[in-house]
Structure formats: C-alpha cells, structure tokens
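What follows is a set of notes on a single structure, which appears directly below.
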Amino acid sequence: MNRKKRILILFIFFTWMLMLTLSLAGKAAKKEKTGNKEQKVVSAYKADETIKIDGFLKEETWQNTGYSSFTQSEPEDGAAPTEKTVVWMAFDQKAVYVAARLYDSEPGKIIGLLGRRDDFVDSDWFIFSVDPYYDRRSGYQFAVNPKGSITDWTIFNDESRDETWDGIWDSAARIDDKGWTVEIRIPFDQLRFKKKENYVWGVNFRRFIKRKNEQVMFSWTPKEESGFVSHFARLEGIKDINPGRLIEVVPFTAGKAAFSTAEEGNPFETGKDYSTNAGVDMKIGLKSNLTMDLSFNPDFGQVEVDPAVINLEAAETYFSEKRPFFIEGSSIFRFGRGGSNRFIGANWGDPSFFYSRRIGRSPQGYVDSEGYVRYPEWTTILGAAKITGKIGSGWNVGFLSAVTEREYAEIDLNGLRSSEEVEPFSYYGVLRAQKEFNEGRQGLGFIATSVVRDLRTDYLKEALNSSAASFALDGWAFLDKDKIWVFTGWFGGTRVAGSKERIYDLQVSYPHYFQRPDADHIELDEDATSLNGWAGRFTLNKQKGNFLFNAALGAISPGFNSTDMGFQWFSGMVNGHIMVGYQSFKPGKIFREWAVNLFTQRNYDFGGNKIGEQRLIFISHFRFLNYWSAYYQLSVNPKTWMKFFTRGGPLALRLPHTWMNFSIHSDDRKKIVFMIGGYYSTEESGSETKAGYLGLRWKPSSNFSIGLFPDYSFENNVAQWVTNVEDPFMTDTFGTRHVFANIKQNTLSCAIHINWIFTPKLSLQGYIQPFIAVGDYQGLKEFARPKSFDFNLYGENGSTISYADETYTIDPDGPGPAPSFSLGNPDFNYKSLRGTIVLRWEYRPGSTLYAVWTQNRVDDYSDPGDFRFGRDFGNLLRAPGDNIFMLKFTYRFKM
C-alpha cells in the first residue's frame, strides 16, 4: 500500500474516531444542561397615523404600553439594570417601526460620539435585532447612538455577524432631561422574509450605557450559553402588509486625475493622467426573500489603500476585500464555518474556495521588451451579477457571476507603438447554497466555483490555467438536546487544466513542489495537462459552559489548488489539534472575567514526516475590575522538519524553538485609550525575533478622534532562503545548490487614523502609513545535506566568494569542477509613505458623494541593508510622490 492510501486511511480513521467521541460527548452533555427559559412575546401595534421619525415620541402609537423587562449582561451577568428602558414596536403597510425611551438618572453623563456609518464608536447605543425568517439562526441588527450615528449588520450562524451589509432606513435620536430617545423606521423591502398573511418574527433589544460599561438585553443570554438569534423574543401582530417590490437603480460617475514625477523619454510617464468612468448598479427584489444585484461597467477601484508589507516567504500575502459590490452581503459565501462558535487555526489555515479579489485583479501577464511598457492598473470588469436570499424550503443561496475584459499592455519602442495581451477575457462564477434543519441543529451546504479563460497567446497559455473548478460540501450537527456539543466539517476538491508547460510550472511552484527529490509520495508529471486535489477538515467543539473543548483534524492533498478563484496557504499536509480550557465570568477580587486554554497540535506531510510547528501552547486572557485587559500566549516547539525551507528541495531540520506574545488594553471609556503588546521568539539555531507595538487613540471631542499604531520588529534569521542554483556536482542535495544567508531585518511602521465627523452623514477620514523595512544579508552559504540544519559557508573549505558592482561571484568548490555562479546583492531598504483622505457625504439615503486624495511615496534604492531611522525617514519624506485625486458621485433611484 503506498503512502497516499495510508494517509487517506489515517484521515478517515481519525474522522471515525472523532465521530465516536461525538456520540460519547452527547451522552456526557446531559450532565451540563443549562435549562430552557420561557420565550418572551412582543406585540407590534398597527400604526393608524403617520409616524414622524424625529425622536420626540409624540405619536399616539408610542403612548401604548411598552416593554421594559431588561436584564444585565455587563458588568454583572443576570442582574437588574441600573437604568430603565422601555421599547415599543409598530407597523404600517410599508415599514416596521421601533421606539425606545432610555431613561438615565444623569443625562449630562450620557456619552454620544459622532461616527461615520458602520463605525461602532465608544458611546451609548440602542440596538434593535430582528429575525424576519424566524429561523432562529439569522437576522439583522440596527444600531443608533445618542448623536444619531448609525450602524447595521446581518447575523448568521446564530451569533456571527456581517458588518458589510448597508440597508436603507431612517432613524432619529434626542437627549432630554429624562435620558434619551430613539425612533427607527425600516422599510419592509429592506428585509428578507416569506410573504404570509400573519407574520411571526424574532426580535431583541439591547442598550449600552458606556460610562458604566453596562449592557442590558430584553431577551437575555447568559455568558456561559451560546447563540444569540436562537434566544430572541417572539414578535406577533404584523399582518396585512404590502412590502412592495424592491427595485433600486444607482448610476455613478467618477473622475480621476493622477500626478506623478515625469520620467524623461518615457511617453507613458508624462506626470499627468486623467480618466473618467460611468456605470450603473441595480438591486432588484425578485421576491420578498430573494435579491439580485447587477453592475454594468462597475467602478471597482477601491477607495482604501492596502497596507505596505515586505514578504520574504514563498506564500502569497492575503489582503482583505474592500470593494462594496463584493463585500456587501458576503457572509452568504462563507464556507465551512457553520454550527460551531469556535474555530482554532493551530498552524492550519482553511483554504478559501472563493476569494473575490481574484476578480478584477491586476493583469498577470508580463511583456519582455526593451521599450517602455504601460500595464493596466487592474482588469476591467465588464459586468457582474449577484443573487442572494432564500429559495424553496429554506435554502440560503448565493450566486455571483462576473466577466472581465481582455487587457493589453501598451509598448513604445523608439516611438513605435504596439500592444500585447497581458490578461485574457475571463469568466468567474461561484454558487453557494446551504440549508438548516431542525431549528439549526443540523446544516448541509455546498459551494461550487468556476473560472474559464480564453487564452489566445502562447505566453498566456504557459502562464495561466485555461480553466479551474472546485466543489465542496460543508455541514454541522449538534449532538445533544441543549446544543452543548457540535460537530462541523467540510470536504471538497479542485481541478485545474492548462497546457503542459503551465501545469508543469504549477507542479514545481509553491505550495506543491512535486520536484522534491526526497518525497516519494508525490510524482512530477511533465506531460500532465490537469491537476486535481482534495481537502477537508472536521471539528468537535463544546459550545457553552465554563469548561472548554475543541478538537479538529484536517488534511489538504498535494494536488489541491484553489488559487484561480480562491486562496490557500499550503498543500500536502495533515493537521490535528486538541484544546482544553476553562473560562469564568464571575467577578472576583481582581478579575471581572478570565480564561485559560492549553492545546497541542501536530502536522504531517503525506509522506508521514512531522512538519511545521508541533507545539504545546498556553493561552490566557484576563479582564480586570477596572476594565483593563491582558492577553498572554506561550508556545513550546520541539524539533521538526521544514518542507518549504529549500523551495522545492529536500526536507530540512528545524531545531527546537519557543515563542511568546502578550498584549495589554486600557479602559476604552476614557478619552485616551491605549494598548501595548509584544512578541519574542528564540531558536536553538540562533535565530531570534523581537517585536513590539503600541496603539493610542485620543478622543478630544465627540466628533474628532485620532489613532496612532506604531510597531517595530527586529529579526535575526540565521538561514533566509536567497535562491536555488542547478549544479549536477552538488550531489548531496540532488543537483541543486540551495543558497541561504543570515539576514538581520528591521521593520518599522506607524498606521495613523484620523476621523473628523461633521454629521452622521458627512465625514472626513484619513489614513497614513509610513513604512520602513531594511534587510542586511550576511554570510552567504548553501544547504549541506537533507534533514539537517547544516550549511557550507562560501569562502571556506576551498570555496570562494567575491563582491563587485553589487554582484556576488561564487565558486562553490574553488579549483573543483563545479561551475561558478553570480547573484545580485539581496540587501534592501524599502521605504514607503502611503495614505488617503476621504470626504464622504450621504446627501440622501443611498446616494453618496466621495472626494478622495491618495498619495504614495516610495524610495526603494537608497542605502540597501543599512538601517538608520533618521536618515531613512528623511529620504522617505524627500522622495517624489504620486498624487491621485478622485471624485465619485452616486444617486439612488427607488422605482
């Protein structure tokens, strides 16, 4: 039996063992019952008058009896509130209404801060939650603070939330001598629900009293419990309504002016560039529970800039999505995370089947020309469509389809203009569906993705896959009546196809490395025109109570590849962990709450070798009576093997190492809030990393705040990979010299956030990040032999090394037969200053004006390898900058 089959059998065996554990756990769960409390009932009044959303609560509807039986969740879980809260609900043909009188014995101490929409500032808040499907698993939340700032989000998986959703709704808040008031109007067409004669929904109300750090809930959930939507009160009384059909059309126009330093002789870098764009977005309610979003010639340029990074690893850097079309309602496409309220990485990163930044990415082609070349900034998305909602007997569905334009790079060779294709015409599609059973006790879903490219040039056929597809199943099952234990998991596969040259390159690149000479469980196929793989992970979690337990087993095969439409960190690994812990929410003499966890994890490749971190880790979190908090983590790791160390070569030994990190956070009620943290690691090899960071937020007034987040790290890595050089005389490492060096790297950055909020609908925000990263490579050497941490230092034992004109010339055996080779100086000193200032004005509901200024300064050539903060920061400030000014105007028509 080969190793692949043994690994698969091992994976199935451990999955079966987990299932056996589940059945035993289900019996044990009876010993930790939490009991069921009676569900509260709220009645909505029929509004026979026009309700004006002004915060005065003068309408007759609000003179009826309200609901005031709230319970504390903070700071004393289960205690009576210190201030009274009364809420009412009403409805008419087109909308649902919520009113609240929030009494306060000291109105002058009410904390109300202005914040941009969806910025949950440190203030008092009132939050209305509603579950229109009454599926006890999903819903919406609408939050208003005393200054009228608002935020909203959707809820899924009972207690997870998606803050990307933005509904169109009205609200008002006022402070008076009794406390403060809130009025909310939510059109029915902004919610999704099945059309009926009489409606039963789930509802809840929450209040935050910031100066006391007090939170109260109408339908209270003890901290030891899990879930949120499943505990909602029952809303009755809504009937005979006419929600109407949602049809919104939002055209936009945008103009951009870019100014940069002109490059002499380069016709593409004249220092000025102007462009305009226009398009339209549409939102159509197919039914009251199904919505279609359409975009024609969409503007998918993001307003926010990505942070600067230096990546010396083989793995790709992950950046979050920031484009509105893709982030709004994106929770429907989340995969593999249902059921459980706790997922632990433990040296495992779930591969993503859908990573929306693949759509409209920068062109992937490259032009080899002696002339000047101008590449498109991103790939044009000709059109995109998205359908989300519920169909049939409770299936949550999401479908996204997009088509991208064929892109060309412009070439100027001595005045002769030409173009070359750098991105093919492409189709991207993803279908997600999930159904919950038995009030969310079980769930089953799937995701399917497809990418098809029209490759017309030989170069693109060698550089890109012609097609890629994936399919995966996920689900969960609670194992006991009280939903204490849950088993969740997913399993799926991928297939990519392309030319022989492309699939060969894919096999020998990260994270596959099929050419590894000491790996007999994988085989490099030079004639292959496709690559297939599978992956899956299964988790057992204890959802509630003081005692914690979490265990998981996952595997990803060597041929798994989801990067055409998704994202993945690695392949060819089996990972498992077990975590136990204890948490306490009962205030004591020092701590208000605390938790400690202890877990161990193991990683194996498909050849049975222990790889990655095989650690024993301790984690603790403490919250003090004064609302400060602290976090500490310690990891002890024995020796293991490194699979990616040589970038396609043999395994290497990683010596025992230990790392720890900590953080301390102050009370966020104060005008000045700070956090401090650090990281330290040490290894028997001599490698060492030290890092520290600081966070400081200052809130001098109710509408202005500034945040400073500096961090610094120093890394002394005794073996940083530099390059691989083929040499048949290097028989000890199978004909390849794996070149390494000691690197001393200093990295310093400071993110600066400025928020100036004039009104809840008019704001000015700024983000600035100076960034300096300096790497000094010393002692070039080569990996000596497999499964070791031994090196041959160049310049010793007969080898020679010389340096001239920024180039190293190395003869690995001096007078011997091995050929010499050269490599450029790998030292770097990268400095950047990037930032953006955004003026945002929502001049009417759903209609927005953006004015944006973005600047980027880069100096990546001066003083490589030599870190001097004063000089480097001065060079950065003196570096020429690129300035981009953008104006974007949208207008919402409701049909």
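The values are calculated or read from the model by the stated rules, or taken from the named source; none is laboratory data. Every value quoted in this text rests on a predicted model; they were computed, and no experiment measured them. As a convention, Cβ positions derive from the backbone with ideal geometry for all residues, glycine included, and neighbour counts pool all protein chains shown. Just the protein is used for accessible areas: all its heavy atoms, side chains included, with ligands, DNA and RNA removed. Shrake-Rupley method; radii C 1.70, N 1.55, O 1.52, S 1.80 Å.
For this structure, a couple of remarks:
- Qualifying lysines (Cα of each under 30 Å from Cα of K272; at least 8 residues distant if same chain): K256, K322, K831, K888
- Where the Cα pairs of the stretch 90-240 fall when distances are cut into 5 Å bins, in %: 2, 9, 18, 22, 21, 15, 9, 3, 1, 0
- Relative compactness, the stretch 601-751, computed as alpha-carbon Rg over 2.2 N^0.38 Å: 1.43
- With Cα atoms defining each centre, the stretch 587-623 and the stretch 774-821 are spaced 40 Å apart in the structure.
- With a 1.4 Å probe rolled over the protein heavy atoms of all chains, the accessible area of S584, S369 falls in the order S369, S584, largest first.
- Among the protein heavy atoms, those of H577 account for about 10 Å² of accessible surface (1.4 Å probe, every chain in place).
- The simple spin-label model puts a point 7 Å past each Cα toward its Cβ; for N532 and E684 those points are separated by 4.3 nm.
- Over 21 Å (Cα to Cα) - which of K58/K761; K40/K223; K40/K210; K287/K894; K46/K894; K194/K239 fall in this group: K58/K761; K40/K210; K46/K894
- Accessible-area ranking of F869, F142, largest first, probe 1.4 Å: F869, F142
- As an equivalent ellipsoid, the stretch 744-895 spans semi-axes of 52, 17, 14 angstrom, where each value is the square root of five times an eigenvalue of the C-alpha gyration tensor, largest first.
- In the chain, helices alone account for a calculated mean residue ellipticity at 222 nm of -2000 deg cm²/dmol, with every DSSP H run of four or more residues adding -39,500 (n - 2.57).
- Sorted largest first, extent of the stretch 172-214 alpha carbons per principal axis (Å): 42, 20, 16
- Debye-formula intensities of the chain, expressed as log10 I(q)/I(0) at q = 0.04, 0.05, 0.09, 0.11 Å⁻¹, are -0.21, -0.32, -1.13, -1.74 (one equal scatterer per alpha-carbon, no solvent).
- Mean shadow area of the stretch 621-681, taken as a quarter of the surface of its Cα convex hull (nm²): 6.0 nm²
- Extended-chain gain in nm, criterion 0.36 nm per residue less alpha-carbon gap, F120 and F729: 212.9 nm
- Radius ratio Rg over Rh of the stretch 45-157, counting only Cα atoms, Kirkwood formula for Rh: 0.96
- Between Q93 and L524, the simple spin-label model (points 7 angstrom out along Cα→Cβ) gives 7.3 nm.
- The Rg/Rh ratio of the stretch 35-101, with Rg taken over Cα atoms and Rh as the Kirkwood radius over Cα pairs, comes to 1.05.
- Cβ-based net charge around T457, under 10 Å, with every Lys or Arg adding one and every Asp or Glu removing one: -2
- Residues L634 and R357, FRET efficiency given R0 of 35 Å [Cβ-Cβ distance, rounded to 0.05]: 0.50
- Expressed in Å, the radius of gyration and Dmax of the Cα atoms of the stretch 323-434 are 19.5, 66.
- Across the options L413, G227, M886, the greatest Cα extent toward the positive end of the charge dipole of the chain (unit charges at beta carbon of Lys, Arg, Asp, Glu) belongs to G227.
- Stokes-Einstein D in µm²/s, Kirkwood radius over Cα pairs - the stretch 163-261 at 10 °C with 1.306 mPa s viscosity: 87 µm²/s
- Here's the picture: charge each Lys and Arg Cβ at +1 and each Asp and Glu Cβ at -1 in the stretch 596-745, and of M675, Y712, A691 the one pushed furthest to the positive end of that dipole is M675.
- Each Lys and Arg adds +1 at its Cβ and each Asp and Glu adds -1 at its Cβ; summed about the Cα centre, the chain shows a dipole of about 4120 debye.
- Cα-derived Rg to Rh of the stretch 703-784, Kirkwood definition: 1.38
- Of I484, S847, I617, farthest towards positive along the dipole that unit charges on Lys, Arg, Asp, Glu beta carbons give the chain: I484
- Taking all pairs of distinct alpha-carbon atoms in the stretch 472-545, Kirkwood radius in angstrom: 15.2 Å
- Shape of the stretch 513-571, Cα gyration tensor, a/c cut at 1.5: prolate
- Phi angles of the stretch 870-880 translate, via the Karplus equation with coefficients 6.51, -1.76, 1.60 and θ = phi - 60°, into HN-Hα couplings of x, 5, 5, 5, x, 4, 5, 5, 8, 5, x Hz per residue; Gly and Pro are given as x.
- When you restrict to C-alpha pairs under 8 Å that are six or more residues apart and normalise by the size of the chain, the relative contact order lands at 9 percent.
- Size of electric dipole in the stretch 549-666: Cβ of Lys, Arg +1 and of Asp, Glu -1, about Cα centre, debye, nearest 20: 340 debye
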